[in-house]
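The values are calculated or read from the model by the stated rules, or taken from the named source; none is laboratory data. Quantities reported herein were computed from a predicted structural model and do not represent experimental measurements. Note: ideal-geometry Cβ built from the backbone for every residue, glycine included; neighbour counts use all protein chains shown.
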Amino acid sequence: MTRQIGGGVLAGSSVRSTSIVGMWAVIQAGETGKLHSSFNVASYTDNGAGDHTLTYNISFASASDYVVVGSANTNVTGAYTADGSPPAAGSARIVTANTSAALVDSDPTTVIAVGRR
């Protein structure tokens, strides 16, 4: 049996044991950062320029059971999980940096997390 669940495809009956898109978010960075749209995001925190924390409604099975992928606009090298702050089962800290490795806001910043929940 296959069902569509909020942006991900789920095979079988157990959401927690299946690999799907478990979270996605579009961050509107800037002076007052905010979450533009999302799936499975309980809260968003703007930690300062280019530094964001996303907390999930439903956690992944463990911190090592999923990956976070992000993208940012062309003036920024990309969106990454923060050094020294690896993703936890229930949250991830995302940073965006320029080519000089300085944290900068990127609007929009998009993030997807895929893994076992």
Item to check | Long-range neighbours under 6 Å by Cβ, at least six apart or interchain, first residue within 16 Å of Y44 (Cα to Cα) and in a helix (DSSP H, G or I) within segment 63-90, second modelled with pLDDT under 80 and not β-branched (V, I, T) | outcome: none
Next on the checklist: Any residue at all in segment 4-18 that's closer than 24 Å to D83 by Cα, at pLDDT below 80 and outside any strand (DSSP E or B)?
Outcome noted: no
Checklist entry - In the set T109, T81, which member is more than 15 Å from F39 (Cβ to Cβ), crowded, with 16+ Cβ neighbours inside 10 Å and modelled with pLDDT of 90 or more? => result T109
